[in-house]
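The values are calculated or read from the model by the stated rules, or taken from the named source; none is laboratory data. Owing to the predicted nature of the structure, the values given are computational and were not obtained by experimental measurement. Don't worry about glycine lacking a Cβ; one is built from the backbone with ideal geometry, like all the others, and counts go over all protein chains shown. All accessible areas refer to the heavy atoms of the entire protein, side chains included, with ligands and DNA or RNA removed. Shrake-Rupley method; radii C 1.70, N 1.55, O 1.52, S 1.80 Å.
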Amino acid sequence: MADVVSHAGGWLFDRVMAGWDVTVLVADSDATRPLDILGVRVVDLEAGLARREGHPMPQSLALDAQLYATEPRVRERLRHVLEHELSEEVTLWGDGVAVDRPVDSVRHPLSYAARAFKAQAMAAMAAPGQVDPAELFHSCDLRNGYREFRDLVPVS
């Protein structure tokens, strides 16, 4: 949960405020206060991974590159999504991004509200600190080009 909040908390908050339904899968779903502050829905990782194929895929997927590298079930599920283009956008944060698609570096400039709510979420994790004005990601778009997602802009 700490990685989600510190790397993508502002972006997720801004998407919630823009009307997106944002769900975060976490291994420990008992202490979700930081994610509650951001306004996202929290689902247990095991329950999310056990979801059957018949359910619709989300328009956008975002995950920690380290989780992709270390969790075989996550890697298998994402490879299936990429192979069959089941989502429009896949976005990762962190180092070690190695997916089977071209990946572009993108950033999301945080709204002032996102900075404030992210700071509160970090404080709730007992990890207060300065909130940067933008969050950096690696994104591969599967259908329209990442430029179609107005909240992610290329890193020059």
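For the list (1) without any contact (Cβ under 8 Å) to a residue 24 or more places away in the chain; (2) open to solvent by 70 Å² or more (accessible area, probe 1.4 Å), I need the number of the one condition that Leu25 fails. It is condition (1) that Leu25 fails. Checking Leu49, Leu61 one by one, the residue that is surrounded by 12 or more Cβ atoms within 10 Å (Cβ to Cβ) and under 19 Å from Ser6 (Cα atoms) is Leu61 and no other.
Of the residues making up the stretch 86-101, just one is within 13 Å of the chain's Cα centre (by Cα) and either hydroxyl-bearing (Ser, Thr, Tyr) or open to solvent by 50 Å² or more (accessible area, probe 1.4 Å) (or both), namely Thr91. Taking the stretch 106-120 as the range and being more than 17 Å from Val4 (Cα to Cα) and open to solvent by 60 Å² or more (accessible area, probe 1.4 Å) as the test, only Tyr112 passes.
Suppose we filter Leu49, Leu61 for residues that are over 12 Å from the mean Cα position of the chain (by Cα) and aliphatic (A, V, I, L, M); which single one remains?
Values: Leu61 fails: over 12 Å from the mean Cα position of the chain (by Cα).
Selected residue: Leu49, the only one of Leu49, Leu61 that is over 12 Å from the mean Cα position of the chain (by Cα) and aliphatic (A, V, I, L, M).
Hey, any hits in the stretch 106-125 for a residue that's more than 14 Å from Ala8 (Cα to Cα), of a type in the set (D, E, K, R) and in contact (Cβ under 8 Å) with a residue 40 or more places away in the chain? No, every residue in the stretch 106-125 fails to be more than 14 Å from Ala8 (Cα to Cα), of a type in the set (D, E, K, R) and in contact (Cβ under 8 Å) with a residue 40 or more places away in the chain.
Of a type in the set (A, V, I, L, M, F, W, C) and in contact with a strand residue (DSSP E or B) (Cβ under 9 Å, 6 or more places away or on another chain): is that true of Val42 in this structure?
Working: of a type in the set (A, V, I, L, M, F, W, C): yes; in contact with a strand residue (DSSP E or B) (Cβ under 9 Å, 6 or more places away or on another chain): yes.
The answer is yes for Val42.
Within the stretch 79-99, residues that are under 23 Å from Ala2 (Cα atoms) sit with their Cβ atoms under 7 Å from residues that are open to solvent by 60 Å² or more (accessible area, probe 1.4 Å) and assigned to a helix (DSSP H, G or I), at 6+ positions apart or across chains, in these pairs: Trp93/His7; Gly94/His7; Gly94/Gln66; Gly96/Gln66.
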